[in-house]
Amino acid sequence: MTTVLLLRHGRTSTNATGVLAGHQPVGLDEVGRAQAQAVGERLSAAKLPLKAVVSSPLPRCLETLSLALPSWEGVQVDDGIIECRYGDWTGRRLQELAKEPLWATVQAHPSAARFPGEDAESMAEMSARAVGTIRDWDARISAEHGPEAVWLACSHGDIIKAVVADALGMHLDLFQRIAVEPASVTVIRYTPLRSFVLRLNDTGGDLSGFQPPPPSEEAPSSDAAVGGGSGGSV
């Protein structure tokens with residue numbers, strides 16, 4: 001019953017100005033740095049015994065972690081949770097992209113959307129690699145540290161939305177209904193039979209409810225409805 005905290009990076013100047021950053025090496029803006037420090041305070045207050053911290057290799061994620069978890073050593077960088085490869089759309093304003101015929105497909109039928117350009121990928125490919133990466137890390141951490149382990153991954157909005165859709169058993173075509181704000185925390189617990197989304201797009205809640213139970217406490221059955229952090233989503 002391993003638990004993963006999915007942290008979206010803090011706000012960037014491209015977020016603020018409505019530009020699709022993609023793989024551009026943009027950093028956090030002033031608001032984003034404050035957001036990263038605030039989520040770090042929440043993580044510190046929760047005293048979660050994180051067993052691993054995994055990050056997209058893009059600077060905005062690594063900067064978020066450097067501010068949120070300044071004393072953490074050994075962040076694991078994984079290309080599997082890097083931002084979607086938007087190809088020729090990278091660096092363009094969202095207002096412009098909304099006029100493209102492909103935009104409607106991305107919003108209403110994303111499983112059929114492939115971005116233009118030689119280095120681009122489809123949203124289905126993005127989803128498959130993101131979900132596979134998170135589930136692979138979860139299995140490895142569970143095998144090494146036990147089924148009650150808690151870990152954190154810092155990534156991007158579309159990546160986290162795809163992982164959430166998978167955890168909810170939703171088709172990718174519905175993932176645009178999921179909101180993941182900058183510096184928000186989404187919490188998923190994986191079990192052998194099903195996954196549970198315990199928090200979604202949380203930007204201010206108490207995270208201490210996700211501490212694993214003491215070793216002597218009997219764990220619930222793997223198919224039980226599990227709680228944790230009963231404060232709800234925000």
Item to check | Residue in region 44-51 that is among the basic types (Lys, Arg), assigned to a loop (DSSP other than H, G, I, E, B), within 22 Å of Ile141 (Cα to Cα) and modelled with pLDDT of 95 or more present | outcome: yes
Next on the checklist: For region 31-40, which positions are open to solvent by less than 10 Å² (accessible area, probe 1.4 Å) and among the β-branched types (Val, Ile, Thr)?
Outcome noted: Val39
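I'm trying to understand the selection: among the residues of region 1-30, which are of a type in the set (Val, Ile, Thr), open to solvent by 10 Å² or more (accessible area, probe 1.4 Å) and in contact with a strand residue (DSSP E or B) (Cβ under 9 Å, 6 or more places away or on another chain)?
Applying the first criterion (of a type in the set (Val, Ile, Thr)) to region 1-30 yields 2-4, 12, 14, 17, 19, 26.
Still in the list and also open to solvent by 10 Å² or more (accessible area, probe 1.4 Å): 14, 17, 19, 26.
Thr17, Val19, Val26 - these are the residues of region 1-30 that are of a type in the set (Val, Ile, Thr), open to solvent by 10 Å² or more (accessible area, probe 1.4 Å) and in contact with a strand residue (DSSP E or B) (Cβ under 9 Å, 6 or more places away or on another chain).
Can you find a residue that is among the polar types (S, T, N, Q), under 17 Å from Leu6 (Cβ atoms) and not in a loop (DSSP other than H, G, I, E, B) anywhere in region 72-84?
Restricting attention to region 72-84, the residues satisfying the condition of being among the polar types (S, T, N, Q) are 76.
Filter once more, keeping what is under 17 Å from Leu6 (Cβ atoms): 76.
Among the residues that remain, those that are also not in a loop (DSSP other than H, G, I, E, B) are: 76.
Yes, region 72-84 has at least one match.
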Checklist entry - Could you count how many residues in region 137-152 are without any contact (Cβ under 8 Å) to a residue 12 or more places away in the chain and not in a helix (DSSP H, G or I)? => result 1
Next on the checklist: Can you find a residue that is among the β-branched types (Val, Ile, Thr) and closer than 25 Å to Arg114 by Cβ anywhere in region 31-50?
Outcome noted: no
Checklist entry - Do any residues in region 78-104 that are in contact (Cβ under 8 Å) with a residue 40 or more places away in the chain have Cβ atoms under 6 Å from those of residues that are in a helix (DSSP H, G or I) and open to solvent by 50 Å² or more (accessible area, probe 1.4 Å), where the two are at least six apart or on different chains, and which pairs are they? => result Leu97/Trp103
Checklist entry - If you go through region 102-113 one residue at a time, do you hit one that is farther than 26 Å from Ala183 by Cα, of a type outside the set (Asp, Glu), open to solvent by less than 30 Å² (accessible area, probe 1.4 Å) and in contact with a strand residue (DSSP E or B) (Cβ under 9 Å, 6 or more places away or on another chain)? => result yes
Checklist outcome for this item: Matching residues in region 114-134 (over 17 Å from Leu172 (Cβ atoms) and open to solvent by 70 Å² or more (accessible area, probe 1.4 Å)) number 2
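Within the group Glu148, Glu144, Glu181, which residue is under 27 Å from Gly27 (Cα atoms) and either among the hydrophobic types (A, V, I, L, M, F, W, C) or open to solvent by 20 Å² or more (accessible area, probe 1.4 Å) (or both)? Break it down into steps so the answer makes sense when it comes.
Values: Glu148 fails: under 27 Å from Gly27 (Cα atoms); Glu144 fails: under 27 Å from Gly27 (Cα atoms).
Matching residue, one of Glu148, Glu144, Glu181: Glu181.
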Checklist outcome for this item: Here the residues within region 61-85 that are under 18 Å from Val163 (Cβ atoms) and open to solvent by less than 60 Å² (accessible area, probe 1.4 Å) are Cys61, Thr64, Leu65, Asp78, Gly80, Ile81, Ile82, Glu83, Cys84
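The values are calculated or read from the model by the stated rules, or taken from the named source; none is laboratory data. Since this is a predicted model, take the numbers as computed values, not measurements. Neighbour counts are summed over all protein chains in view; Cβ atoms, including those assigned to glycine, are modelled from backbone coordinates with ideal geometry. In case anyone asks, the SASA skips ligands and DNA or RNA and just uses the protein heavy atoms, side chains included. Shrake-Rupley method; radii C 1.70, N 1.55, O 1.52, S 1.80 Å.
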